[in-house]
1. Averaged per residue, what accessible area in Å² does segment 1-122 show with a 1.4 Å probe, protein chains only?
2. Looking at segment 233-310, which chymotrypsin sites (Phe, Trp or Tyr not before Pro) are in a loop (DSSP not H, G, I, E or B) and have at most 10 other Cβ atoms within 10 Å?
3. Tally Lys/Arg at +1 and Asp/Glu at -1 over every other residue whose Cβ is under 11 Å from the Cβ of PHE44; what's the total?
4. For segment 240-355, what is the accessible area per residue in Å², given a 1.4 Å probe and the full set of protein chains?
5. For LYS268, give me every one of the aspartates and glutamates with a C-alpha distance below 14 angstrom, ignoring sequence neighbours fewer than eight places off in its own chain.
6. Leaving out ligands and nucleic acids, note down the accessible area per residue over segment 446-559 with a 1.4 angstrom probe, in whole Å².
7. Among GLN551, ALA317, ALA348, whose Cα lies farthest out toward the positive end of the dipole of the chain, if unit charges sit on the beta carbon of Lys, Arg (+1) and Asp, Glu (-1)?
8. In whole angstrom, note down how far apart the Cα centers of segment 422-497 and segment 34-80 are.
Amino acid sequence: MKAEYQVTVYTQDMAYAGTKDDVYITLVGKRGSSQHGKLGRNKFFFHRGDSTFTVTCSADLGELLLIHLEKRGLVIKDSWLPAKVEVRSSNGKLYVFPIYHWLKGNKKHFFREGAGLFLSHVLCCPHAVLQNDLTCFWAFLLSSQDLEFGFTAVAAFVLSDYVMKHWREDAFFGYQFLNGVNPMMIRRCKTLPSKFPVPSNMIFGKSWLTLRTEMMKGNIYLSDYNILDGVETNTINGRKQFLAAPLVLFHKNEYNEMMPIAIQLKQKPGRDNPIFFPTDSEYDWLLAKTYVKSADFNLHELNFHLLRTHLLAEVFAVSLQRNLPRVHPVFKLLIRHTRYTLQINFLARNLLISKIGILTLVTSGGKGILTLLDRSVSSMTYRSLCIPDDIADRGLEDVPNFYYRDDGLKLWNIMFVHDILSFYYKYDWMVQNDAELQNWIQEIFENGFLRRRETGIPQKFITVAELVKFVTMVMFTCSAQHTAVNDGQYDFYGWMPNGPSTMKKPPPTQKGKADEASFLSTLPDVETTVLIMATVWLSNMQTSDRRYLHQFVEEHFTEDFPRYKVTVFQRELKKLSKEIYKRNRDLELPYTYLDPKLVENSVAI
């Protein structure tokens, strides 16, 4: 008895997504397959939106497992971006095949039914349809189809004006270590390191407080840039540049301000390495703070921005495409967090960190970049990538007015990873026996963390809880963390003295020599400043089709429960956004970077 299937093909709603080529389809079910037939009569154009066809089979195919799509045409470069294919059987059952994938050339593609199947305790299907066509994915991203990268100006609070007015102030200097573009360096100081010999009986503040008593109360904090010590510095326009490896001591005062109280610009103490205090001359103290900000600029851009968001996101994305099929629940959760990442990193390699890239204009440019990245990889740990662990390890759980922590922890906690993965993985053995999942994490461990067990990165997943934590970390890194360390670059670096990319003179070896003229002569030259400013300005732009954390444009989940959890997640994000907006109304300096409505889904800029 013949069976008819209504096939609806959805093409993505974006420029050049359609195709004039002929499209052929095969339906594959448990009882057999349909003939490989052309969709539509004569010449049919698959434009944006949906088109419905009838596929007639000689017999019922049973439960549908997958479809086989093939695009044929003389115009080999006529790419096509189908969103999904829905097939309704004669008994009324609907099967959904998510695609969201560029199809190029005359090539056969297999796509599973969206729900997937657990067979032999593993989410799987015949090996012939496990191919994710990574080559096609790369081909699109690296092609000339960059039309979606048109930039539009950000209509937002112009923080750079505030920075220009307040950059000299100690309170604002300290504020940036909590809520600036690099909130990753400061930690509570319980014992002063011997290399930083600040007198323990040092008195500061109007209340005649001593360093010893305030440290016992937990009010002393430290930023140590030892990772920069000995990094080979760059030569710009024929002039040697300089980079400090400072230590900065902070005191949380009675107004809950994080105030700098001592700065040492080199790691090894000595007579030629004075400790600077707020009581020193205006320009001695300002110069010391500026060397710190230059060091922070270099470490922020190469470690906390480039390595820990861009390059890690690339590792996650490539391993995802190589190891997990499209119907895998982890693939469905994470694929939206990889959008444009490979493309933007390809551009960054050519335009920013190449031998002629913009980052040759930072102090650590050239060989210094490689040294600093190598050290950064060696010092990176799993716990430092998970914001709850990182905040605890740095002793910052109760620091007031720490909005990066407040908003970041709330975002981490409302990520819906547990609800989704516990729906698919009822027991730990299901995780242990998922070969595709284990291959994914093993490749990340080997290629992203260079088999370094000391990082704490899992080599395999044993429990559902381990899987949930790791996937949450990936989601947070690719979305919230990147936004936190990226979107404020022009805000805080737009006024160059607040974050110089390089310094033209070595750190001072004695006090009492600095004045306005010597301060200005230490800052980067005009050409370097202009190029760096242009770069950080672009980093604060947004693509015309930017997608935010609450947006699920592509419907990868087909089952009712995960689709419901998506809506719950969206409601939680909206609620958090309102809370942040309400808090920011009362702040002189609003912290907006982790407002969910402004957090981009992926590392796409």
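1. 51 Å²
2. Passing sites in segment 233-310 are TYR255.
3. Within the 11 Å Cβ shell, the charges total +2.
4. It amounts to 30 Å² per residue over segment 240-355.
5. Hits, sequence-local ones excluded: ASP224, ASP229.
6. Details: 4500 Å² over 114 residues.
Ligands and nucleic acids excluded, the result is 40 Å² per residue.
7. It is ALA317.
8. Each part's Cα centre sits 37 Å from the other's.
The values are calculated or read from the model by the stated rules, or taken from the named source; none is laboratory data. None of the values given here were measured: they were computed from a predicted structure. Note that we place each Cβ from the backbone using ideal geometry, even for glycine, and neighbour counts take in every protein chain shown. Just so you know, the surface numbers come from the protein's heavy atoms only, side chains and all, with ligands and any DNA or RNA stripped out. Shrake-Rupley method; radii C 1.70, N 1.55, O 1.52, S 1.80 Å.
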